[in-house]
1. Out of curiosity, is R80 basic (K, R), under 23 Å from R262 (Cα atoms) and buried (at least 16 other Cβ atoms within 10 Å of the Cβ)?
2. Confirm whether A230 is in a helix (DSSP H, G or I), touching a Phe, Trp or Tyr at 6+ places or on another chain (Cβ under 6 Å) and surrounded by 12 or more Cβ atoms within 10 Å (Cβ to Cβ).
3. Within the stretch 40-57, is there a residue that is in contact (Cβ under 8 Å) with a residue 24 or more places away in the chain, within 23 Å of R261 (Cβ to Cβ), in a strand (DSSP E or B) and of a type in the set (D, E, K, R)?
4. Go over the candidates M59, M78 one by one and state the one that is assigned by TED's automatic domain parsing to the domain that holds I153 and touching a His at 6+ places or on another chain (Cβ under 8 Å).
5. Among the residues of the stretch 32-66, write down those that are closer than 28 Å to A103 by Cβ and among the β-branched types (V, I, T).
6. Sort out which residues of the stretch 86-119 are among the hydrophobic types (A, V, I, L, M, F, W, C) and either without any contact (Cβ under 8 Å) to a residue 12 or more places away in the chain or in contact with a strand residue (DSSP E or B) (Cβ under 8 Å, 6 or more places away or on another chain) (or both), and write them in order of number.
7. Given the conditions (1) within 19 Å of M21 (Cβ to Cβ); (2) modelled with pLDDT of 95 or more, which single one is not true for C139?
8. So is S70 under 18 Å from the mean Cα position of the chain (by Cα), among the hydroxyl-bearing types (S, T, Y) and either under 24 Å from D259 (Cα atoms) or not assigned by TED's automatic domain parsing to the domain that holds S270 (or both) or not?
Amino acid sequence: MTNALPQHEPQLELISASPDMLDLVHTLFVMRAGKGETRSVLPAYSAQLLSFVAGRVEMQFPEREARRSSDITLKAPMLRAAPMILDGPVLSVGASFTPLGWATFSGLAADKTHDTAFPADTLIADEALSAVKAALPECRSGAISPEAYSRVIEDMIRTVCASPQRQPRADHRELVRAIDAWLASAFNPSIKTLYDSVELGQRQVQRLCRRYFGVPPAQLIKRYRAIRAAMLLAHDDLSDDLRDEVLEAYFDQAHLINDVRRYTGRTPRSLTREPLAQDMLDPDGHGRSGKRLRDS
């Protein structure tokens, strides 16, 4: 992997997180775009840390002022798609957090802080960010590769999340893992299956699901189902059986189109025409629930 920038289409490369980080980080990544302005749409992603080696991005979240990236930016979890403008040339290196990873790293509740972005140093102490800040000019100069820089970012996340003061309660961690397992158990799992799998009452499950995932289970599965549908429609190499499962999960074509548009900013037909959309909807970048699509 080099520090070279693309001349035309934006590109997104995924870098596997270290095995000990899989509870905290879905994937590391490198995003590149060539010179000039490129307009695109961010799907309803999990929270991310983005360090800009070159260029900037402006994100227009629903019902908020546009947010322009800083050198090291934190993007909170997203509950719907958001337009973005890449001001190239762009080279951004970052990490996508799991819900548990974001809660541990940030200490923020997803239902209170979502669909926004802000400079990392407004939340994380300069001391914790020092190695990432020091390595940024090295990546700009080509002294280290974007992949090596992504490991510096991963090490920082590991260190911050190891702090005892940042650990979510054990019962909360257990529920988040149960929700993750439920989401990964089927393309469209029933909510009753989730409630039957845990010892907590429904209201407590709903409250904690909002805290860690942004919305209660019924809305959560709707978002995951739409993102998965988009993944399958964008990638022809996934199985026909899963493709049939997508269509069976929706009442009709109109519901499928509306949900995919809400959570990806695109129509099902346009997913195969935009390389960056295919990159952003690669199942390998979406944790265990995405991995299920690859493994099926």
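The values are calculated or read from the model by the stated rules, or taken from the named source; none is laboratory data. Predicted model, so just to flag it, every value in this text is computed and none were measured. Every residue, glycine among them, receives a Cβ derived from its backbone with ideal geometry; neighbour counts consider all protein chains shown.
1. Numbers: basic (K, R): yes; under 23 Å from R262 (Cα atoms): yes; buried (at least 16 other Cβ atoms within 10 Å of the Cβ): yes.
Yes; evaluated as a whole, the condition is true for this residue.
2. Details: in a helix (DSSP H, G or I): yes; touching a Phe, Trp or Tyr at 6+ places or on another chain (Cβ under 6 Å): no; surrounded by 12 or more Cβ atoms within 10 Å (Cβ to Cβ): yes.
So A230 fails the test.
3. So the first thing to find is which residues in the stretch 40-57 are in contact (Cβ under 8 Å) with a residue 24 or more places away in the chain, and the list is 40-57.
Checking which are within 23 Å of R261 (Cβ to Cβ) leaves us with 40-48, 57.
When the remaining residues are screened for being in a strand (DSSP E or B), the result is 40-42, 48, 57.
Subsequent filtering for residues that are of a type in the set (D, E, K, R) retains none.
Checked against the condition, which is being in contact (Cβ under 8 Å) with a residue 24 or more places away in the chain, within 23 Å of R261 (Cβ to Cβ), in a strand (DSSP E or B) and of a type in the set (D, E, K, R), the stretch 40-57 yields no hits at all.
4. On the way: M59 fails: touching a His at 6+ places or on another chain (Cβ under 8 Å).
Exactly one residue qualifies, and that residue is M78.
5. Those that are closer than 28 Å to A103 by Cβ and among the β-branched types (V, I, T): V41, V53, V57.
6. To start, the set of residues in the stretch 86-119 that are among the hydrophobic types (A, V, I, L, M, F, W, C) comprises 86, 90-91, 93, 95, 97, 100, 102-103, 105, 108-110, 117-118.
Selection gives L86, V90, L91, V93, A95, F97, F105, A117, F118.
7. Exception for C139: condition (1).
8. Details: under 18 Å from the mean Cα position of the chain (by Cα): no; among the hydroxyl-bearing types (S, T, Y): yes; either under 24 Å from D259 (Cα atoms) or not assigned by TED's automatic domain parsing to the domain that holds S270 (or both): yes.
Taking the combined requirement at face value, the residue does not satisfy it.
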